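What follows is a set of notes on a single structure, which appears directly below.
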Amino acid sequence: MDENQRWAHEELTRLMKNSPTYEDQAFYRALDQLMLKQAQRLTNAAGELDGRSWADK
């Protein structure tokens, strides 16, 4: 997780804790989960690209 992702995660966590309604809390939690999954997908794609560039053809 890079600095921007860490900051976004902390902000979303803060918003979840301070949200008065369940709907808002659920929205921020889902947004946080989406962001974390996207970060993992980017990491996996970068690793796959690196692996393919080193693979014998």
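General observations
- Three-way shape label, region 1-41, alpha-carbon gyration tensor, a/c 1.5: oblate
- For region 29-43, the Karplus equation 6.51 cos²θ - 1.76 cosθ + 1.60, evaluated at θ = phi - 60°, returns couplings of 5, 5, 5, 5, 5, 4, 4, 5, 5, 5, 4, 5, 5, 5, 4 Hz by residue, with Gly and Pro reported as x.
- Charge dipole (debye, nearest 20) of the chain; +1 at Cβ of Lys and Arg, -1 at Cβ of Asp and Glu: 120
Coordinate-derived values only; no laboratory data. These numbers come from a predicted model, not from an experiment. We place every Cβ from the backbone using ideal geometry, glycine too, and count neighbours over all the protein chains shown.
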